[in-house]
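Peer 1: The structure that follows is given in the form of structure tokens.
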Amino acid sequence: MKVKVYVSLRESVLDPQGQAICEALNRTGYDFVTDVRVSKVFELEINGEPKTLGTKSGIFKAEIYDAKKMKAIREQVEKFAGELLANPIIETFRIEEEEEDD
């Protein structure tokens, strides 16, 4: 499973890097570009399951187990994204999950 975490500056925070890129684009003839915001993308490969989920119990059907696993993974990614990948004072983040084809 792959998970992408998109981290970007809050709208209220100035983006000097984006402004510099926008100005450079305008100077080189791309004057139709009016604003640039720079962001980061973290691409995570997920294997296994979070420790908080524990091991698969025989009482769960596969679909229920997979849903619980996905929820636990998302909770863990949200936790570390907010603590390690983004600075919550000046940045926001969003998470996208990609199911891989078997």
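Peer 1: When a footprinting reagent is the concern and you count Cβ atoms within 10 Å, what order do F93, F80, F32 take, fewest first?
Peer 2: Lowest to highest Cβ neighbour count: F32, F80, F93.
Peer 1: Counting other C-beta atoms within 10 Å, which of Y30, Y6 has the fewest, and how do the rest follow? The partial results should precede the final answer.
Peer 2: Details: Y30 10, Y6 16.
Fewest-to-most Cβ neighbours within 10 Å comes out as Y30, Y6.
Peer 1: Hey, another quick one. If amide H atoms are built 1.01 Å from N in the plane of the peptide, which residues on other chains or at least 5 residues away come under 5 Å of the amide H of E49?
Peer 2: Close amide H contacts, sequence-distant or interchain: none at all.
Peer 1: Then there is this: Work out the length of the dipole vector of region 1-54 about its Cα centre, built from +1 on the beta-carbon of each Lys and Arg and -1 on the beta-carbon of each Asp and Glu, and round it to the nearest 20 debye.
Peer 2: In total the dipole reaches around 180 debye.
A short reminder: the numbers here are calculations on the coordinates, not readings from a lab. In this text, all values refer to a predicted model and were calculated from it rather than measured experimentally. FYI the Cβ positions are ideal-geometry reconstructions off the backbone, even for glycines, and counts take in every protein chain you see.
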